[in-house]
Structures are given as structure tokens and as C-alpha cells.
Amino acid sequence: MGFWDTITDLVDAATPWSTAEAEHPDSHKSPQGDAPLGGNAPAAPAKEISDETTAETDKEEKAEDETAEVKKNEEPAEEEEAEEEPEEEEEEEEEEQDPKDKFEDDCKNSKQCAPAKHHYDECVERVTSQESEGGAKEDCVEEFFHLAHCATQCAAPKLWSTLK
Amino acid sequence: MFARSGLRSTQRVFAGARNGAINVTKRAASTSSGAEASPVRLNIAAAASTAVAIGSIAWYYHLYGPTAHAMTPAEEGLHATKYPWVHQQWFKTFDHQALRRGFQVYREVCAACHSLQRVPYRAFVGTILTVDEAKAMAEENEYDTEPNDQGEIEKRPGKLSDYLPAPYKNDEAARFANNGALPPDLSLMVKARHGGCDYIFSLLTGYPDEPPAGAQVGAGLNFNPYFPGTGIAMARVLYDDLVDYEDGTRASTSQMAKDVTEFLNWAAEPEMDDRKRTGLKVLVVTSILFAATVWVKRYKWAYLKSRKIAYAPPKDANVQHRQ
């Protein structure tokens, strides 16, 4: 306890406002606290599979496991997953679309982005017909950019008011 | 160089013109009785000089007018949309619950490929984790000890002062595991890319279901409009409900991307909250000082402002009028 501590204590005692303390997050602790890095998470169905293998602490293997896990999620038709996951959960996932996709789809079809969408659709039509005739002479990247720019711009405020 | 020599040559031309003009006026003065310049010749001179002026402008635009774009829009990449990040406002801090979620996403997804080597475990204490959580997390990893008496380097569990471990032993191992592409360290990523948070959020959420018609996507690459060149070696990594948030937030793709981006912003700029608080303190102190100077000025000027200069005319009796 130095001289300065005394002063700060006195100031603390005299100030009318109180100090905010964050809530203790321990109540959420998961049973598997021992898996490296990823251990703090409550087990997701896909996670359980990898948690069994992460007992070996070899980091590279772990990295590969997680990569595999990421890849796995790309294909929802994974057998193991299908076995373990109850069916209702999958239905839920299909119902709840990512809000970003939803807002952007709405925006793409709105009047605001109609010109960009028109150009993009026309380009896609043109290029696909070129492809079927032999080779595409152009691509629709620029048209895609304009449409994506319009849609994200329009969706940004709506998205931020939805996300936490 | 060119510009300077060009300038010098024009100076010379001007000097010549000036001399010529002086000579002409001298000559004109000496031959004032000569014939006047005919109006036709004057008109021709005016028209010619105007033509030269217009021509020089045209020539300039021919040379420098059109901007040359060395890169196509696809090579530039789509410019990331600006999102209204709350933590980027002047008087707002990081949302530490979001940082906690973002760290979870980093640990469970990104850490498989990306290191975060500039962040020590101690940095998490009080900002994202409690001391005990951070200690427990550090102890899950092994680090080299100092050489012991026999010169052997042993392993010890991690401490708060240790830095986060990298997923690969070295860059070569990282490249080998990722088809030759190096997943960069994410510690300073938010500061290292044009667009910062907006770019990273857009990059993570911007993978379209399929590339636009006709687009060329190289072998082993994925189409992402925001990545310069549009072909990125990192495949889409975030999918809805990939992680299970401990606070019950729904883990949609965009939610995870937002959280991990804010977390990466914290990793690159952990001093931000303190910096803003210090900034506010500076504003408070300077405004107090400014108010004090205003009062001091009023005090110092008080006698000047309140003085009264009066002219008391001398009494008639004392004045001698001379008439």
C-alpha cells in the first residue's frame, strides 16, 4: 500500500458513482475443460466427434481435425452427423436463414437494385448462351460486383440492427 | 527532371518574348510615324493564339486526360461495404460479450489454420476471460523451458505470460497443409487490410453459392468478390450454427463473422478502450482549462472593460481666450 493507493482509495470512497463489475461467466463452464483451445465450448453435435480425437495434444493433428470438421460442415449429408443429430434440429436450421442472406435477397429484388439486377441477369443469360455455343467471351464479374455492392449497401443497416 | 528542364526552357522562351517585346516597343517608339497594324492582321493573330491555346489544352488532355487503369475491377476486388460498427464510434467501447464470442469462433474455427502470435494469454484477463479461465487455457498448451543443467530443453505447461500457440510449426508446414497457400497471422489483420473490419466481415460472409457466369476460378481457389483477384485459397469457413455460443446467441454465419471480426479488431488494437477513455479525459481537462482561461481573462480585463474615460473640460475662469 503506497501513498498513491491511499489517495485512490479515498477518491473511490468519496465518488458518488459505483464501479461496474462484469458478471462472473463461470456459470457457463462446460464439462470438457481439458481439450486444447477448443475445450471451452459446450459440445455441438459435430464437435463431439472431434473432441474424442483431440485427446492427443499433437497440435498439427488437432489442426487437421478441425479442418476436417470445417469441411464436414460443408456437406450436410455427412453420415456420422446424420446419425447423431436429431431431426428437429435440422429442420430448425433450414427455417432460420442467415439474416444477411435474407436482407440481401430482399434488397436484390427491391426497386433500388433493379438496374444492377437487370444488368446481371442479362449478362448471365448472354454468357450462358455463349458457353453453350462454344466458349464464353466475357464474364459477369463486374455486373456481379455492382449488384453485390448495391445489395450489401442496402442490407447493412438492417443487418446491424438484427445482429447482436 | 523533365518538368524542371521543361520549365527552364519555357522561362527562356518567356525571356525571349520579353526581350522581343521590349525591342518591339523600342522600335515602335522610334518609328512612331510608321503605318498602323491592319485590323485583318490583328484578327489573324487573335484567332491563331486562341487556336494555339485550345490546341494546347486538347493536346494536354490527349496526353494526360484519360486515367489508365492497370487493373480490372476483378483484380481490384469488390470494395467492402461500410458497416455501422458500434465499437468504431468515438465514445463507444468494444462490446466485451461480443469479444468473448469472437474469441470462441477464433478458437474453434480460425485457430486450425491461423496463428494469433502477438496476443499473450495475459491480454485476455479482464477483457475477455477471467484470470482462472485464462490460466486454465494457457496450461492446456506446452512450451519450451529454458535449458536445464544438462542443456536439455524440456516442456512446461503454459503461463499467462505465454503467447497463443501457432497451429503449424513454421510457414512451410502451414503452406504444405494448405495447398501451398499461407494462412497469414491474424494479430494485426484488421490494420493490415484496406477496409479493416468491413473487409474481413465481407470476406468471411461474401462467398457466393456459385461464382458468377463466366468467371475464371483457379485450381484450388474459391471465388470471393472481396479478395483482390477474386480467387482466394481459403474456402468458406463459417456456416450457420458452426459454434455453440455459451451465451445462447444464435450462431448465424453473419453473427459469427461479426463477432470474430470485432475480436480481431481487439487483437490488433487492444488499447482502443483505454485510448478512448484517455481521449475523453483530455477533452474534460482541456475544457476545464479553457473555462478557467475565460474566467481569468474576464478577471484580468475587468478593470479595462469597466474603466471610464471622462473628459472634464477646464473651468471657464481658468481659460484665456485670445481673440
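Summary table
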read-out: Residues of segment A:106-127 classified as without any contact (Cβ under 8 Å) to a residue 40 or more places away in the chain, within 29 Å of B:Tyr239 (Cα to Cα) and open to solvent by 60 Å² or more (accessible area, probe 1.4 Å), total; value: 2
read-out: Number of positions in segment B:187-230 that are over 15 Å from the mean Cα position of the chain (by Cα), surrounded by 16 or more Cβ atoms within 10 Å (Cβ to Cβ), assigned to a loop (DSSP other than H, G, I, E, B) and not β-branched (Val, Ile, Thr); value: 13
read-out: Residues located in segment B:240-276, provided they are part of a helix (DSSP H, G or I), under 18 Å from B:Val190 (Cα atoms) and open to solvent by 40 Å² or more (accessible area, probe 1.4 Å); value: B:Arg275
read-out: Members of segment B:225-252 found to be more than 7 Å from chain A (Cβ to nearest Cβ), under 26 Å from A:Asp139 (Cα atoms) and not hydrophobic (A, V, I, L, M, F, W, C), listed by number; value: B:Tyr226, B:Pro228, B:Gly229, B:Gly231, B:Arg236
read-out: Flag for B:Pro84 being without any contact (Cβ under 8 Å) to a residue 12 or more places away in the chain and within 30 Å of B:Val217 (Cβ to Cβ); value: no
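To keep it simple, each residue is scored yes or no on (1) touching a Cys at 6+ places or on another chain (Cβ under 9 Å); (2) touching a residue at least 40 places away in the same chain (Cβ under 8 Å); (3) of a type in the set (S, T, N, Q).
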{"residue": "B:Ala134", "(1), (2), (3)": "no, no, no"}
{"residue": "B:Asn141", "(1), (2), (3)": "no, no, yes"}
{"residue": "B:Thr145", "(1), (2), (3)": "no, no, yes"}
{"residue": "B:Glu152", "(1), (2), (3)": "no, no, no"}
{"residue": "B:Asn170", "(1), (2), (3)": "no, no, yes"}
{"residue": "B:Ala173", "(1), (2), (3)": "no, no, no"}
{"residue": "B:Leu186", "(1), (2), (3)": "yes, yes, no"}
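The values are calculated or read from the model by the stated rules, or taken from the named source; none is laboratory data. Quick caveat, the model's predicted, so the values are computed rather than measured. When we count neighbours, we look across all protein chains shown, and the Cβ atoms used for this are built from the backbone with ideal geometry, even at glycine. Heads up: the accessible areas ignore ligands, DNA and RNA and are worked out on the full protein's heavy atoms, side chains in. Shrake-Rupley method; radii C 1.70, N 1.55, O 1.52, S 1.80 Å.
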